[in-house]
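Below is one structure, written out as structure tokens, with a few remarks after it.
The values are calculated or read from the model by the stated rules, or taken from the named source; none is laboratory data. Since this is a predicted model, take the numbers as computed values, not measurements. We place every Cβ from the backbone using ideal geometry, glycine too, and count neighbours over all the protein chains shown. Areas reflect the complete protein model, heavy atoms only, side chains present, ligands, DNA and RNA absent. Shrake-Rupley method; radii C 1.70, N 1.55, O 1.52, S 1.80 Å.
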Amino acid sequence: MIAVLIRVLCLGTAVGTAAALTPSLVSGRHYAVLAVAWVIVAVLVGTYATRRPLVAKYLVPGTILLVLFTVTPVLATLQLSTTNYGDGTRTTKQETITQVLATSVVETPDSPTFHLAVATTGNPVAGPFTFFLVDPATAEAFSGTEEGLVRLEPDQVTVAGGFVTAAPGYTFLTPKQVNDAAPHLREFAVPTEGGAIRSRGLREAFEGRAVLRYDEATDTIVNTDTGVRYTVQRQGDREYFVDGGGTRLTDQSWRAGVGLDNYRKVFTDPRILGSFLGIFAWTVVFAAGSVALTLALGLVLAVTLNDPRVRGQKLYRSVLLLPYAIPGFISILVWSGFFNQDFGLINGLTGLHVNWLGDPFAAKAALLLLNLWLGFPYMFLVTTGALQAIPADVREAATIDGAGRLTAFRRITFPLVLVAIAPILVAGFAFNFNNYNVVELLTHGGPFTPDNPNAGATDILISYTVRLAFGAGGAQFGFASAIATLLFVITGVLAAAQFRATRSLEEVH
């Protein structure tokens, strides 16, 4: 009975959630998401409200989660990698044209004016913004967004003193907040039939005339004052409206498909290829070295504390797990202080004067040392578990056969431990192959040389490509997605090779 109630409650929650999301998804025209949501609900109801095979009741949740959180992001990344989406290309072509025409608005002597109140449904500084306007001649109220102007009924807003002062769901900005949001409001315009409405000061707006006009038949924008025509031309991976002399009308482009250009750029751009091989080699060394060092230290400690002659094993094991109790980013920041050349703990204790974070070789050693500190408790845990899972009679048989402690460990214990933790070693390699946090928080990829500020001595592939994709040139999500796809393939191939080696190990032992 309780199971039935829980089932009904869960299915009712799923149906209710989908029903609650439906209006907002429809209003936002997110029909694909809406369809997926109701398909999932239908599958859940069809599986758990009927007498379907028992195996389906176990497979459906895992399958849905796999599709939603693994397959869908991978497919979305692949799709994004074939576009030029990024800073300057976040809008569609039609939205870009609308914005360009709206920003060309100029005030004329007969321009209508409005009493203005600025409101937002989001951030008071970054928006999104809505203009609430009152026509002083007719006292009619309007709301204006970048999509257009809408007339409001008297019961939809509160008007006092000729200004809209309240509207459900909106936060009205104070004069100081309007001033803080000025950089965004200067670019904000409400398109109208003859031009657009723009702000003038804190409390007033005007409807001006658009100087630019878009000709859909020829796909050109014309300046009606000067007669200059701007046609669509491709520059790099983006398209712009450009005049006959090659001058852009605006630096704003639009989102478009670029096919495999992002992948082609990775393999042909000398800026990327120049440092790629060296960084790839260091990435492999960093990942493999991190796994090998943490395994070695963790295994030595586990073997030592697994000896029954050692007293206080629980206390020692608890102390060794302390690095796990400290958040990783705090440990990294603390260790960055330890590596300070003049005042750091390491140079202070050893009497050395090593420039840990300024010398390329020392910086790489510092990264491996830090990753050893962060990773050995985990390896200590898993190797301890693997050691305790080995039957005692196996070691006793080796001893009876005349094997010494070192020989028994090398021939019996270590191979069995290696077989047990091999998948963890593969996962550890894949994790460290993309261990962006450690590199970014400790060295920021540096040290850098003056002749190559894009590639640092300790950059691994992920930190290098993040700098290329989100560096001085602004965010390039399409290019970053192509890089992420390639890293996914490289990591997958290396992991597959390691799993193949693991299977061979299992066959031997």
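Projecting the Cα atoms of Gly471, Ala427, Leu442 onto the dipole axis of region 342-480, where Lys and Arg carry +1 and Asp and Glu carry -1 at the beta carbon, places Ala427 farthest toward the positive end. The coefficient of translational diffusion for region 200-264, derived via Stokes-Einstein from the alpha carbon Kirkwood radius under 25 °C and 0.890 mPa s, stands at 174 µm²/s. Quick check: net charge around Pro112, other residues with Cβ under 13 Å of its Cβ, Lys/Arg +1 and Asp/Glu -1? Charge balance in the 13 Å sphere: -4. Remark: relative contact order (region 98-232) = 28 percent; criterion is Cα-Cα distance under 8 angstrom and separation of 6 or more residues. Extension gain for the segment Thr138 to Thr171, taken as residue separation times 0.36 nm less the Cα-Cα distance, is 9.4 nm to one decimal. Computed over the alpha carbons of region 1-58, Rg followed by Dmax gives 13.3, 41 Å. With contacts taken as Cα pairs under 8 Å at a separation of at least 6 residues, the chain carries a relative contact order of 15 percent. Residue separation of Asn355 and Ala427 scaled by 0.36 nm, minus their Cα-Cα distance, works out to 22.7 nm of gained length. Its residues counted as N, region 140-191 yields a C-alpha radius of gyration over 2.2 N^0.38 Å of 1.22.
Among the protein heavy atoms of the chain, carbon and sulfur supply 64% of the accessible surface, probe 1.4 Å, non-protein parts ignored.
Extending 7 Å from Cα along the Cβ direction at Ala32 and again at Ser318 yields two label points whose distance is 5.4 nm. Its Kirkwood hydrodynamic radius, worked out from the mean inverse distance over all distinct Cα pairs, puts region 1-146 at 20.6 Å. Taking 0.36 nm per residue of separation and subtracting the current Cα-Cα distance, fully stretching the chain between Ala497 and Asp251 would add 83.9 nm.
Per residue, the solvent-accessible area of region 81-154 (1.4 Å probe, heavy atoms of protein chains only, all protein chains present) comes to 46 Å². Our helix-only sum for the chain, with -39,500 (n - 2.57) per DSSP H run of n ≥ 4 divided by its residues, gives a mean residue ellipticity at 222 nm of -17000 deg cm²/dmol. Expressed in units of 2.2 N^0.38 Å, where N is the residue count, the Cα radius of gyration of region 241-367 is 1.80.
From the alpha carbon centroid of region 198-212 to that of region 124-164 is 14 Å. Using equal-weight Cα scatterers in the Debye expression, the normalised intensity of region 412-504 in log10 at q = 0.23 Å⁻¹ is -1.13. A simple spin-label model places pseudo-atoms 7 Å from Cα toward Cβ; at Thr72 and Ala56 they are separated by 2.2 nm. Restrict the search to region 245-331; then list the trypsin sites (Lys or Arg not before Pro) that DSSP places in a loop and that have at most 11 other Cβ atoms within 10 Å of their Cβ. Loop-located and lightly packed - Arg309, Arg311. Only Cα sites of region 91-145 enter the Debye sum here, all with the same form factor; the resulting log10 I(q)/I(0) across q = 0.13, 0.23, 0.28 1/Å is -0.46, -1.07, -1.08, listed in q order.
Mind running the shape call on region 344-453? Use the C-alpha gyration tensor, a ≥ b ≥ c as the square roots of the eigenvalues: rounded below 1.5 for a/c, prolate if a/b tops b/c, oblate otherwise. Here region 344-453 falls in the prolate category. Entry note, region 213-361: relative contact order of 7 percent, from Cα contacts under 8 Å with a spacing of 6+ residues. Compactness of region 149-276 was expressed as the Cα radius of gyration divided by 2.2 N^0.38 Å, which yields 1.56. Rounded to the nearest 20 debye, the dipole magnitude of the chain is 2140 debye, with +1 charges on Lys and Arg beta carbons, -1 on Asp and Glu beta carbons, and the Cα centre as origin.
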